[in-house]
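All remarks here apply to the structure that follows.
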Amino acid sequence: MPNCLICADPIAPFIDFGPMPLGNGFLRPDQFAEEYRFPMQVGFCNGCGMVQLLAQPERERMFHENYAFFSGTSRYMALHFQRFAEQVNAGYLSAAEPFVVEMGSNDGILLQNFAAAGIRHLGIEPSKNVAQVAIDKGIATVTEFFGAELARRIVAERGQADAFLAANVMCHIPYLHSIVEGIKILLKPAGVVLFEDPYLGDVIEKTSYDQIYDEHTFLFSVASVGHLFGRYGMEIIDVQPQTTHGGSMRYVIAHCGARPVSPRVQDQREKEHALGLHRPETYDRFRRNCEESRRQLMTLLTGLKAQGKRVVGYGATSKSTTITNYCGITPDLVEFISDTTPIKQGKFSPGAHIPVRPYDEFAGRHPDYALLFAWNHAAEILEKEKAFGAGGGKWIVYVPRVAVLDGEE
Ligand code: SAH
Ligand code: TMP
Ligand code: ZN
C-alpha cells in the first residue's frame with residue numbers, strides 16, 4: 001500500500017480514474033502512439049487528513065520550457081491577483097523595506113503588482129518559457145524549483161522574506177516537506193505565508209472531480225494544512241475562501257505565537273467537520289457522485305449526437321483532461337475545443353485527442369452547444385459570449401451538476 005506523503009501512514013485509494021495522460025499534455029498526432037499515462041488514484045489519509053494522488057509523474061515531465069499554462073490568459077485572474085497584492089501590501093508589509101517572495105510566479109501575474117509599487121520581490125518559477133514572460137516585464141525571477149536548498153541560498157544572497165506567497169502551486173508539490181522546511185528558513189520571525197489552492201470542501205460539495213489531475217498532488221483542507229505546518233512550528237492564523245478556480249481557500253500562516261489567530265480558522269475547521277471531511281465515508285459518497293455525474297454527462301452528449309447537434313468544448317483546461325478521459329468523451333461527441341492559448345492551438349487534447357482550435361473558429365461559426373470546460377471562468381466567459389446565447393447557443397455545464405443553461409442566462 002502507498003504511504004501518505006505527509007505523515008507516512010498507509011493509504012488506500014477511494015477513487016481510481018484509470019491510466020491518465022498529463023492534464024497539460026497537449027500533443028500532435030505523431031505523438032499519439034507514445035503518449036504517456038500514469039495510474040491516477042486518489043486516497044484520503046486517516047492519520048493527517050490529507051487527500052492526495054497515490055502516484056504521480058516526475059516533476060520535469062510537467063514543468064518545463066514548454067509549460068502550457070500562462071496565468072495571464074484570464075483577465076479576471078489578473079484582477080484577482082491585483083487585489084491579493086493589495087491585501088498583502090496593506091495588511092502584512094509593515095517592515096521598512098519589505099521583501100516578497102513568490103513560489104510558482106509563472107508569467108508574473110501577481111508579482112507585477114509589487115514590481116509596479118517598487119517593492120523588493122523575487123519570483124521562483126522553474127518553467128522557463130512562462131518565467132521569461134515575467135523577466136521581460138522586469139520582474140526578478142529565478143528559474144528553479146523551490147525547496148529547502150534554494151531557500152538557504154536566497155537567505156544568504158538576499159536576506160529573509162517578509163511575505164512568502166504562492167497561488168495554485170503548493171498543492172502541486174509532492175515533496176512538501178522540503179517546501180515547508182524552506183519556508184521556515186526563508187521567513188522572518190514576524191513574516192507571513194499567504195497561499196491559495198482549490199479547496200477540498202468545494203470539490204466534495206460540488207463534485208468538481210476535474211480538480212484532480214497529475215499536477216494536483218493534494219486537495220487541501222484547513223485540517224490537513226494545519227497539520228502539515230504544525231510539524232514545522234507554524235500555524236494557520238487566518239483563512240479566506242475565494243471564488244477562483246471553482247472555490248479556493250487562501251491560508252495565512254505564521255510562526256507559532258508570532259501573530260494573533262483569527263476566529264475564522266476555528267469556524268472553518270468546524271465547517272469541515274460538519275461536511276465530514278475527516279470521515280472515509282465522505283470520500284466513498286464522492287466517488288458515487290462522480291460516477292453519477294459521468295453517467296449524466298455521457299447520456300446528454302450521446303443524446304445530442306443522436307439529434308445531430310454540434311457540440312464544441314470551450315477552454316482546453318488541464319481539468320478537462322480528467323473529464324474527457326474519465327467519461328470517455330471522443331471527437332465524435334465534441335467536435336473541437338476552442339482555446340485562446342497559442343501553444344495549445346493546432347494540437348490535440350491529452351488522451352481523448354479532441355482537436356484544440358483557435359477561438360475564431362468558435363466565434364466564426366457558433367455550435368449548437370458549448371461544453372464549458374473552463375467552468376471556473378464562467379462569469380467572465382458568459383459575459384463576453386452574450387452573442388452565442390442570443391443566437392440560440394446553449395451552455396453545457398457539469399459542476400455542481402450536469403445541466404444545460406439557456407445561453408441567455
Ligand atoms: N501562480 C500562478 C501559476 C500557477 S501554475 C497562478 O496562480 O496562476 C503552477 C506554477 O508553479 C507553474 O508555473 C510551475 O512551473 C510552478 N512550479 C511547480 N513546482 C514548483 C516549485 N517547486 N517551485 C516553484 N514553482 C514551481
Ligand atoms: P484554467 O481553467 O486552468 O485557468 O485554464 C483556462 C483555459 O481556458 C486556458 O487554456 C485559456 C482558456 N480560456 C479561453 O480559451 N477563453 C477564455 O475566455 C478563458 C477565460 C480561458
Ligand atoms: Zn497522512
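The values are calculated or read from the model by the stated rules, or taken from the named source; none is laboratory data. Computed from a predicted structure; not experimentally measured. Neighbour counts are summed over all protein chains in view; Cβ atoms, including those assigned to glycine, are modelled from backbone coordinates with ideal geometry. Protein only, heavy atoms only, side chains kept; ligands, DNA and RNA dropped before computing areas. Shrake-Rupley method; radii C 1.70, N 1.55, O 1.52, S 1.80 Å.
Given a 1.4 Å probe and every protein chain left where it sits, what share in percent of the accessible area of region 296-406 is carbon and sulfur? All intermediate terms of the calculation are to be shown ahead of the outcome.
Numbers: 2250 of 4270 Å².
Ligands and nucleic acids excluded, carbon and sulfur give 53 percent.
Rounded to a whole number, what % of the accessible area of region 71-278 do carbon and sulfur atoms account for, probe 1.4 Å?
Result for region 71-278: 53 percent of the exposed heavy-atom area is carbon or sulfur.
Give the angle, between 0 and 90 degrees and rounded to the nearest 10, that separates the Cα long axis of helix 75-92 from the longest principal axis of the Cα atoms of the chain.
With both axes taken from Cα atoms, the answer is about 20 degrees.
Nearest 10 degrees is fine. How inclined is helix 148-158 to the longest principal axis of the chain, computing both from alpha carbons?
Between the helix axis and the principal axis of the chain, the angle is about 60 degrees.
Relative contact order for the chain using alpha-carbon pairs under 8 Å, separation at least 6, rounded to a whole percent? All intermediate terms of the calculation are to be shown ahead of the outcome.
Numbers: 801 pairs, mean separation 60.0, N = 409.
Once divided by the residue count of the chain, the mean separation gives 15 percent.
How much length, in nm to one decimal, is gained on full extension between residue 31 and residue 136, taken as 0.36 nm per residue of separation minus their Cα-Cα distance?
Gain on stretching residue 31 to residue 136: 34.6 nm.
Straight-line reach only, C-alpha to C-alpha below 15 angstrom: list the aspartates and glutamates that residue 184 could link to, leaving out same-chain residues fewer than 8 apart.
Those aspartates and glutamates meeting the cut-off are 102, 149, 162, 235.
In a shell of Cβ-Cβ distance under 14 Å around residue 160, excluding residue 160 itself, what net charge do Lys and Arg (+1) and Asp and Glu (-1) give?
Values: positive: 120, 152, 153, 158, 184, 188; negative: 97, 157, 162.
With Lys, Arg at +1 and Asp, Glu at -1, the net is +3.
Quick one: which of 206/319; 319/386; 137/319; 305/394; 206/344 span more than 18 angstrom between C-alpha atoms?
319/386; 137/319; 206/344
Would you calculate a helix-derived [θ] at 222 nm for the chain, using -39,500 (n - 2.57) for each DSSP H run of n ≥ 4 and dividing by the full residue count, to the nearest 500?
-10500 deg cm²/dmol
Sort the chain into rounded, prolate or oblate with this rule: let a ≥ b ≥ c be the square roots of the eigenvalues of the Cα gyration tensor; rounded if a/c is under 1.5, and if a/c is not under 1.5, prolate when a/b is larger than b/c, oblate otherwise.
Since a/c reaches 1.5 and a/b is larger than b/c, the shape of the chain is classed as prolate.
With the other protein chains left in place, how much accessible area per residue, in square angstrom, belongs to the chain at a 1.4 angstrom probe?
That works out to 40 Å² per residue.
Of 63, 348, 32, which has the largest mean-square fluctuation in a 10 Å C-alpha GNM of the chain?
Comparing 63, 348, 32 in the GNM, the peak value goes to 32.
Computed FRET efficiency, Cβ-Cβ of residue 78 and residue 262, R0 25 Å: what is it to the nearest 0.05?
Working from the Cβ atoms, E equals 0.35.
Under a Cβ-only charge scheme (Lys and Arg +1, Asp and Glu -1), can you give me the dipole magnitude of the chain about the Cα centre, in debye to the nearest 20?
Charge dipole of the chain: 200 debye, to the nearest 20.
What is the distance, in nm, between label points placed 7 Å from the Cα along the Cα-to-Cβ direction at residue 89 and at residue 61?
Output for this residue pair reads 4.2 nm.
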